[in-house]
Amino acid sequence: MNDKDKELFTFMSFKKKGEKIVPLFVTKINEKFIIAVYQGTISKYDILIRYRQKNENGWSNIRTPKHIHWAVDILIKMHADKSKTQEFLDFLLNMWDEIKPIRSAQERENILNIKYLSEINQKEFKEFEDLGKKGEYSIKFLILLARLLMLQEKTNLETAYMFKNLLEALKKGEDIFKIVSIATHRGKK
């Protein structure tokens with residue numbers, strides 16, 4: 001690990017109940033985001049996802065991404081370019097179908113590899129790059145965040161469906177109440 005990587009790991013570490021929590025994985029995205037993955041507590045291979053966002057005052061505090069955050073960003077992108085956003089949602093739905101839960105330390109190590117994560121969706125990073133200019137989040141950040149959230153959800157409950165339900169509601173153009181309800185876990189199951 002080089003000095004820059006060590007700095008990122010230190011920058012993304014935090015304390016919880018007096019214990020220092022150090023990430024398993026950290027990467028900087030587009031010089032605007034830093035995303036980190038930590039050992040979660042729900043299951044043996046559970047992952048916890050946190051990020052920082054650069055703003056006019058420097059870097060934000062460490063944040064936990066919520067489904068409502070990226071869903072609102074997708075709605076903004078949808079308003080700006082409906083057709084391209086629909087294609088992007090199709091891509092995310094296909095990714096959902098392909099993602100498998102993490103079931104071993106080796107799988108987790110392979111998946112949380114910067115080379116793997118930065119190369120797996122190169123085509124889509126380019127294809128949807130212009131869409132990233134609308135809304136808050138870049139496409140690279142959204143794709144990586146979506147992949148990690150899908151892994152997290154499926155690892156903790158292989159039959160999980162909330163993420164997919166939200167993608168489908170966004171794709172169908174459901175009303176804002178339904179989308180917010182699903183995104184905030186208050187939707188009808």
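The values are calculated or read from the model by the stated rules, or taken from the named source; none is laboratory data. Keep in mind it's a predicted model, so treat the numbers as computed, not measured. With ideal geometry, Cβ positions are generated from the backbone for all residues, glycine too; neighbour counts draw on all protein chains shown.
Counting only strands (runs of 3 or more DSSP E) that sit completely within the range 1-110, those holding 2 or more residues that are among the aliphatic types (A, V, I, L, M) correspond to 25-29, 33-39, 47-55. Note on the range 38-67: among residues that are within 12 Å of the chain's Cα centre (by Cα) and among the aliphatic types (A, V, I, L, M), the one that is surrounded by the fewest Cβ atoms within 10 Å (Cβ to Cβ) is Leu48. All conditions but one from (1) crowded, with 16+ Cβ neighbours inside 10 Å; (2) part of a loop (DSSP other than H, G, I, E, B) apply to Glu136; the one that does not is (1). Take the residues of the range 72-85 that are of a type in the set (A, V, I, L, M, F, W, C) and crowded, with 19+ Cβ neighbours inside 10 Å: which is farthest from the chain's Cα centre (by Cα)? Checked the range 72-85; the qualifying residue farthest from the chain's Cα centre (by Cα) is Met78. The residues of the range 102-150 that are under 18 Å from Asp46 (Cβ atoms) and among the charged types (D, E, K, R), listed by number, are Arg103, Glu107, Arg108, Glu109, Arg147. Could you say whether any residue in the range 160-170 is out of contact with any helix residue (DSSP H, G or I) (no Cβ under 8 Å at 6 or more places or on another chain), surrounded by fewer than 19 Cβ atoms within 10 Å (Cβ to Cβ) and in a loop (DSSP other than H, G, I, E, B)? Yes: the range 160-170 contains one or more residues that are out of contact with any helix residue (DSSP H, G or I) (no Cβ under 8 Å at 6 or more places or on another chain), surrounded by fewer than 19 Cβ atoms within 10 Å (Cβ to Cβ) and in a loop (DSSP other than H, G, I, E, B). Touching a strand residue (DSSP E or B) at 6+ places or on another chain (Cβ under 9 Å), among the basic types (Lys, Arg) and modelled with pLDDT under 95 - does that describe any residue in the range 161-177? Checked the range 161-177: no residue is touching a strand residue (DSSP E or B) at 6+ places or on another chain (Cβ under 9 Å), among the basic types (Lys, Arg) and modelled with pLDDT under 95. From the residues in the range 91-127 that are among the acidic types (Asp, Glu) and over 23 Å from Glu158 (Cβ atoms), which one is modelled with the lowest pLDDT? Checked the range 91-127; the qualifying residue modelled with the lowest pLDDT is Glu119.
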